[in-house]
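Inspection log for the structure reproduced underneath, given as structure tokens.
The values are calculated or read from the model by the stated rules, or taken from the named source; none is laboratory data. Every value quoted in this text rests on a predicted model; they were computed, and no experiment measured them. Counting neighbours? That spans all protein chains shown, and the Cβs are built from the backbone with ideal geometry, glycine included. Just so you know, the surface numbers come from the protein's heavy atoms only, side chains and all, with ligands and any DNA or RNA stripped out. Shrake-Rupley method; radii C 1.70, N 1.55, O 1.52, S 1.80 Å.
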Amino acid sequence: MKKKVLFCLIFIVSIGFVYAPEKKVLKPTATSAEERLKAWEQHELMKKTSIFKDLKWRSVGPVFMGGRITDIEVPPGNHFIIYVAVASGNVWKTENNGTTWIPIFESESSFTIGDIAVSPSNPDIIWVGTGESNSSRSSYAGTGVFKSEDGGKTWKNVKLNDSHHIGRIIIHPENPDIVYVAVIGHLYTENEERGLYKTVDGGKTWKKVLYRNPRTGVIDVAMDPSNPEILYAASWERIRKAWNFVGSGQESGIWKSVDGGEHWVKLTNGFPVGENVGRIGLAVAPSNPNVVYALLDNQAQRPIEKKEGELTIEELKKMKKEDFLKIDPKVLDGFLRRYSVPREYTAEKVISMVKAGELTIYQLVQYLMDANRALFEANVVGAEVYRSDDKGETWRKMNEKYIDNFYYSYGYYFGNIRVSPDNENKIYILGVPLLTSDDGGKTFKNLSWRGVHADHHALWIDPKNPDRLILGNDGGINISYDRGKTWQKINNLPIGQFYTVTVDMEKPYNIYGGLQDNGVVYGPSNHTPEYGVTDPWKSLFGGDGAYVQVDPLDSNIVYVESQFGNIARINKKDGSIKRIKPTGKLNEPPLRYNWQTPYLISPHNPFTLYYGANKLFKSLNRGDSWIYISPDLTTNPQPQGNVPYGTITTISESPLKPGLIYVGTDDGNLWVTKNDGATWTKIGEGLPKKWVSRVVASQYDEGTVFVSFTGYRDDDFEKYLFMSEDYGKTWKSISGNLPSEPINVIREDPKSKDILYVGTEPGVYVSIDRGKTWFSLCNNLPTTPVHDMVVHPRDNELVIGTHGRSVYVLKVNIIQKFVNEKIYEKDLYLFEIEPATIVSSRGFQRAEISMYFYLKSPQTVMIEMLDKNGKSIKKVDFKGEEGINLFEVPLTSETSPLEPSDYKVIVSAGESKIEGKIKLISLPQRFEE
């Protein structure tokens, strides 16, 4: 089971909680809430005024694998209505128990959701806390608390804008103006706006009622159902860095107030205190409010357990050379195989190397500390369930045995506990599996059956029918009507968290991508997700998906990857998989692999691959064997924390010159080699020492290269985008008029050297003058982080992988034509109109006409359509705006029959007039009931 979990399940994690000293660097300055909101105002203004704002994106899915759910709420009185919070995919609503959904919070300044609350006394009042509570690699910072008074139709930001992450919102059962918000605070930096906040006037003003220090927030709050003045709050001390995560601390604990939050006491009688107290989840039993439960992530070390005749890594760490040489070779060989050491290293060979001084025990231990393995084998206590039968005055630990295979090393990613409304002893705890107990937490059984994804974060129990459960996890939503014995999968939400996208050259072309929590998938570019249509996307590989590459000679050969560089070559035709991850030698410093380890197929030879750990590797045989062609290209930061750091994050080989390669790292280094790795030159002088999010060698000019940086892991939301025209010797900023938003990716257009695209945390932008000025392409997109993009070279479509709303596609042929033919110099221009389909039903005909035209200045435009005989069939006055305009109108058979033929359109604006052609095509008669 553990092996299956290790290689197949999906997690957002770091390596345990072993403390490591923080690096000696200048303390980063987090972007202020005021600066972030100012950037959002610029984002919105650019969106409204962009000359390309009428270009329309289309969603292509996928939906089948779902995405990370952080909260589920159902309003009282109508249990067919469900609100769902998505980690980085907005808020959704269904009115039919999940059959169909609509997004109701997708145009605000935040896409990441921590919690939803619906007022018990007025279900039209909904609160949303932005910034998810799971402190993982892709847990984005929100922009405060939002409130709707009309069931989610409109929203108002009601402050706490510097909160970044919100754990829970509780609304008074009778007075909807009284609200408590558990603010976790910044993830990567310290800040003051954290703790428990209270409003008594519906969010007009706030009072901080519980606060400990700038590293400690409040992760959960629960209200006594029999007395709303009694509150329980869980404080959590934690701080994440790019290289380390400390998820526990002295200030973590449980607090109680009996006067609506005015005064608090810490509950310590029977509940742990100290530096190992991690995240805590709280729940009060509705059937007996005297009973309070707490789910603790205990980061204390377990006593070492050892099987007879077995060697442990903890023993190895403390072992002296003379003791190592006495180990039974059979015991050592079993140990080496258990840790997947290459078979060339037999026990006899390893003992010989140690004896000869070719290998030290320290080197062996470092080699064995694989980042992925450490996720599951950290020797911490993990999850514990505590119960109080006297409203928190005293506590006792309920589980007598360890709750194994539940939290592993990353309890910070979970932390929720629920009590059944009808039974104080029936509880549910949410971790990698969903577990339930009928005896108050003494014993547990697994409810994660077939069709239920791992990693659980949200559970709603029907207060009137506790058999009905709605579960949220990393794979979306499941519903049970028998307390978890069986589950219905709700897989119709396009909320995939894509890290990467690429395409092939099939017709229609396929889109491939790696997703957080959901492996590697691919699907057709012409798909439109809609009710009743089966999702054609398919899964290729498990784990947390990362980079994907398709062999340009054979699209059946696909390179896929899961977390920490676990790359494989797949043949879609026969289903074969070969793992091809390059590894180092036993007696060399261990390699470091990024969570998303970059690699690429050389544009000059499809058999050649490049792969980046902390060194750059090269293969000439599709990954069957590797050589490294660089030294350590990072700063080699030491000591290492519990998150691999000092790794390569981006690689680009020039399409114009073989062996001209650029490499960027997470610790801010940037390198170039012009001779395929024989020599390397550091080229980052004058650039920010930030995480290099993308480096791209130009496909037009050999010496031109683009680079973007992100300050996300410093809570720095500034824009960092640069261009060099001399192989990186000198740089100039091309961020121009972009809003201050972290930049994830930059791409050149394949048809015009002047066109550049960038993807940022909340959107997409285009430049038509190589970075001097930028226009928004957010258009009809939701607020969503864009992690990767590619322009299909044949179909001229921009494909973006969003981290929360799956994949979108935009036709960019209009932008290409606009630039290449200098359409911007014309007063009026009509772009080629795509054919329209005549749809017939019961004798009635209809064709939807869409046309784009350019106006140099805003004015009223007259649009006339004529049939094949020149007869005018429709005239419309249209208020045109500066830029590219979209005109959409239906043609119907009400005035005259529609025929498959060429129709004419005349567009007139002032003195200018232009004609175009509309081709109507027909489909077979459609009969409907």
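Determine the gain in length on full extension of the stretch residue 308-residue 871; use 0.36 nm per residue of separation and subtract their C-alpha separation, reporting nm with one decimal.
On the way: separation 563, 0.36 × 563 = 202.68 nm, distance 9.32 nm.
Length gained, residue 308 through residue 871: 193.4 nm.
Can you tell which of 733, 350, 141 lies farthest toward the positive end of the dipole of the chain, using +1 and -1 charges on the Cβ of basic and acidic side chains (Lys, Arg; Asp, Glu)?
Checking the options against the dipole of the chain, the answer is 350.
So, by mean Cβ neighbours within 10 angstrom, what's the order for 583-595, 659-671, 265-277 with the highest one leading? Display every interim value, and only then the final one.
Working: 583-595: 19.5, 659-671: 23.2, 265-277: 16.6.
Result, highest mean Cβ count within 10 Å first: 659-671, 583-595, 265-277.
Report, in deg cm²/dmol and to the nearest 500, the calculated mean residue ellipticity at 222 nm for the chain, where each DSSP H run with n ≥ 4 adds -39500 (n - 2.57) and the sum is divided by the residue count.
Numbers: 9 runs with 76 residues, N = 929.
Mean residue ellipticity at 222 nm (helix-derived): -2000 deg cm²/dmol.
Compare the Cα positions of 382, 463, 154 along the charge dipole of the chain (+1 at Cβ of Lys, Arg; -1 at Cβ of Asp, Glu; about the Cα centre) and return the one farthest towards the positive end.
Comparing the listed Cα positions along the dipole, 382 ranks first.
At a 1.4 Å probe, what is the % contribution of carbon and sulfur to the accessible area of region 863-925? Before the final figure, lay out each step's value.
Numbers: 1670 of 3650 Å².
Solvent-exposed carbon and sulfur of region 863-925 make up 46 percent of the total.
For region 764-815 and region 349-398, what is the separation of their C-alpha centers, rounded to whole Å?
A separation of 44 Å, based on Cα centres.
Over region 446-537, with a single point scatterer placed on each C-alpha, what log10 of the ratio I(q)/I(0) does the Debye formula yield at q = 0.13, 0.18, 0.20 1/Å?
These q points yield log10 I(q)/I(0) values of -0.55, -0.88, -1.00.
Which one of 909, 498, 628 is farthest out on the positive end of the charge dipole of the chain, using unit charges on Cβ (Lys, Arg +1; Asp, Glu -1) and the Cα centre as origin?
628
Using Cα centres only, tell me the gap between region 142-178 and region 225-287 in whole Å.
21 Å
May I ask which of 159/485; 573/618; 56/538; 48/572; 93/464; 56/753 have a Cα-Cα span longer than 32 Å here? Spell out each step's value before the answer.
On the way: 159/485 42 Å; 573/618 26 Å; 56/538 26 Å; 48/572 44 Å; 93/464 21 Å; 56/753 23 Å.
Exceeds cut-off: 159/485; 48/572.
What length, rounded to one decimal in nm, is gained on full extension from residue 229 through to residue 482, with 0.36 nm per residue of separation minus their alpha-carbon distance? List each step's numbers first, then the result.
Numbers: separation 253, 0.36 × 253 = 91.08 nm, distance 3.40 nm.
Length gained, residue 229 through residue 482: 87.7 nm.
Quick check: at a probe of 1.4 Å, how many percent of the accessible area of region 536-649 sits on carbon and sulfur atoms? Don't skip to the end; give the middle numbers.
Details: 2100 of 4150 Å².
Here carbon and sulfur together make up 51 percent of the probe-accessible area.
Could you work out how far apart the two model spin labels at residue 769 and residue 177 are, taking each label as a point 7 Å from the Cα in the direction of the beta carbon, and quote it in nm?
Result for the modelled spin labels: 5.3 nm.
Bins of 10 Å, beginning at zero and ending with the bin holding the largest distance: percent of Cα pairs per bin for region 33-84, please.
Cα pair-distance distribution for region 33-84, in percent: 17, 20, 30, 31, 3.
Select from region 184-252 those trypsin sites (Lys or Arg not before Pro) which occupy a DSSP coil region and have at most 15 other Cβ atoms within 10 Å, ordered by residue number.
Details: sites: 194, 198, 204, 207, 208, 212, 215, 238, 240, 241; in loops: 194, 204, 212, 215, 238, 241.
Within region 184-252, the qualifying trypsin sites (Lys or Arg not before Pro) (loop, at most 15 other Cβ atoms within 10 Å) are 204.
In nm, to one decimal, how far is the residue 462 label point from the residue 780 one, both placed 7 Å along Cα→Cβ?
3.7 nm
For region 543-680, with only Lys/Arg (+1) and Asp/Glu (-1) charged at the beta-carbon, what is the dipole magnitude about the Cα centre, in debye rounded to 20? Walk me through the numbers before you get to the answer.
On the way: 13 positive and 12 negative charges, 56 e Å.
Dipole magnitude for region 543-680 comes out near 260 debye.
Roughly to the nearest percent, how much of the accessible area of region 70-184 is carbon and sulfur, given a 1.4 Å probe?
Working: 1480 of 3150 Å².
For region 70-184, the apolar C and S fraction of the accessible surface comes to 47 percent.
Test of understanding: extend the Cα→C-beta vector of residue 881 to 7 Å, then name every residue of region 784-812 with backbone N under 13 Å from that spot.
Taking a point 7 Å out along Cα→Cβ of residue 881, no residue of region 784-812 has its backbone N under 13 Å.
Find the accessible area per residue for the chain; the probe is 1.4 Å, ligands and nucleic acids are left out, and the unit is Å². All intermediate terms of the calculation are to be shown ahead of the outcome.
On the way: 36050 Å² over 929 residues.
That works out to 39 Å² for each residue.
Take peptides 119-127, 529-537 and line them up by average Cβ neighbours within 10 Å, highest first, as a rough protection proxy. Please report the intermediate quantities before stating the final value.
Details: 119-127: 18.7, 529-537: 13.1.
Result, highest mean Cβ count within 10 Å first: 119-127, 529-537.
Ranking request for peptides 165-174, 459-468, 178-187: highest mean number of other beta-carbon atoms within 10 Å first, then the rest in descending order. Kindly include the intermediate steps, with their values, before the conclusion.
Values: 165-174: 22.6, 459-468: 16.2, 178-187: 26.2.
For the peptides 165-174, 459-468, 178-187, the packing ranking is 178-187, 165-174, 459-468.
Can you put 767, 857 in order of accessible area, largest first, using a 1.4 Å probe?
On the way: 767 0, 857 55 Å².
Heavy-atom accessible area, descending, gives 857, 767.
Per-residue HN-Hα couplings for region 336-350, Karplus 6.51 cos²θ - 1.76 cosθ + 1.60 at θ = phi - 60°, whole Hz, x for Gly and Pro?
5, 5, 4, 9, 6, 5, x, 5, 5, 8, 6, 4, 4, 5, 5
For region 592-606 and region 826-894, what is the separation of their Cα centres, given in Å?
46 Å
Computed FRET efficiency, Cβ-Cβ of residue 893 and residue 827, R0 41 Å: what is it to the nearest 0.05? Before the final figure, lay out the partial values.
Details: r = 35 Å, r/R0 = 0.86.
That gives a FRET efficiency of 0.70.
As an exercise, use a Förster radius of 22 Å and the Cβ-Cβ distance of residue 919 and residue 820 to find the FRET efficiency, rounded to the nearest 0.05.
Numbers: r = 24 Å, r/R0 = 1.08.
Step by step, r from the Cβ atoms, then E = 0.40.
What FRET efficiency comes out for residue 331 versus residue 362 if R0 is 30 angstrom and r is the Cβ-Cβ distance? Round to the nearest 0.05.
Working: r = 20 Å, r/R0 = 0.67.
Computed FRET efficiency for residue 331 and residue 362 comes out at 0.90.
Which value, in Å² rounded to 10, gives the accessible area of residue 92 with a 1.4 Å probe and all protein chains present?
Taking all protein chains as shown, residue 92 has close to 10 Å².
Tell me the label only: which of (1) 39.9; (2) 58.8; (3) 56.8 is mean projected area of the Cα convex hull in nm² as calculated from this structure?
Only one listed value fits the structure, namely (1).
Say the cut-off is 30 Å between C-alpha atoms; which of 38/822; 47/615; 53/732; 306/349; 47/153; 207/426 go over it?
On the way: 38/822 33 Å; 47/615 41 Å; 53/732 28 Å; 306/349 25 Å; 47/153 21 Å; 207/426 36 Å.
From the list (38/822; 47/615; 53/732; 306/349; 47/153; 207/426), the Cα-Cα distance tops 30 Å for 38/822; 47/615; 207/426.
Restricting things to alpha carbons, find the Rg to Rh ratio for region 635-674 using the Kirkwood radius for Rh.
1.12
Roughly how many debye, to the nearest 20, is the charge dipole of the chain about its Cα centre, given +1 on each Lys and Arg Cβ, -1 on each Asp and Glu Cβ, and no other charges?
Numbers: 111 positive and 115 negative charges, 382 e Å.
Using only the charged Cβ atoms, the result is roughly 1840 debye.
Report, largest value first, the span of the C-alpha coordinates of region 687-839 along each principal axis, in whole Å.
56, 35, 28
Using the Cα centre as the reference, give the magnitude of the dipole from point charges on the C-beta atoms of region 417-462 (Lys, Arg: +1; Asp, Glu: -1; all else neutral), rounded to the nearest 20 debye.
Values: 5 positive and 6 negative charges, 37 e Å.
It works out to roughly 180 debye.
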